[in-house]
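Got a structure here, written out as structure tokens. Questions coming.
Please treat every number below as a calculation from the coordinates, not as lab data. Note that this is a predicted model, so its numbers are computed, not measured. Virtual Cβ from ideal backbone geometry, glycine too; neighbours counted across all protein chains shown.
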Amino acid sequence: MESILLLFTFVLAIFLGFELISKVPSTLHTPLMSGSNAISGITIVGAIIAAGAIGEGTISVVLGTLAVTFATINVVGGYLVTDRMLAMFKSKEGDKK
């Protein structure tokens, strides 16, 4: 019964996330995603806890390590995109004169 509830919650989260993201205008999409990038750092904390679980077996360590890797790639990539987006709004030196 518990696995059915977890599956239902997962499918509901996918549907809700898709509906929310599809309704956001493209001009607001990048700022919202960059703002939520900081929240993605919480994923790294959970992944580190999963990777460092003692006595849970090899599969837990492997999956935890993969989670740390992917979460780190997500956070670093998000900050790079945010930096690139903010660079578009900076004025150039030649424009000031």
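Rounded to the nearest 0.05, what FRET efficiency do Val76 and Leu32 have when you use their Cβ-Cβ distance and R0 = 25 Å?
Numbers: r = 19 Å, r/R0 = 0.75.
So the FRET efficiency works out to roughly 0.85.
For q values of 0.13, 0.24 Å⁻¹, compute log₁₀ I(q)/I(0) with the Debye formula on a Cα-only model of the stretch 2-89, without solvent.
Per q value, in the given order, log10 I(q)/I(0) is -0.62, -1.14.
Take Ser3, project a point 7 Å from its Cα along the Cβ direction, then tell me which residues of the stretch 49-70 have their backbone nitrogen under 12 Å from it.
Once the point is set 7 Å along Cα→Cβ of Ser3, nothing inside the stretch 49-70 turns out to lie under 12 Å by backbone N.
Using a simple spin-label model with points 7 Å from Cα along the Cα→Cβ vector, what separation in nm is obtained for Ser60 and Leu86?
Using points 7 Å along Cα→Cβ, the separation is 3.9 nm.
Report the one residue of Leu86, Gly46, Phe70 whose Cα lies farthest in the direction of the positive end of the charge dipole of the stretch 38-97 (charges on C-beta: Lys and Arg +1, Asp and Glu -1; origin at the Cα centre).
Final value for the positive-end residue is Leu86.
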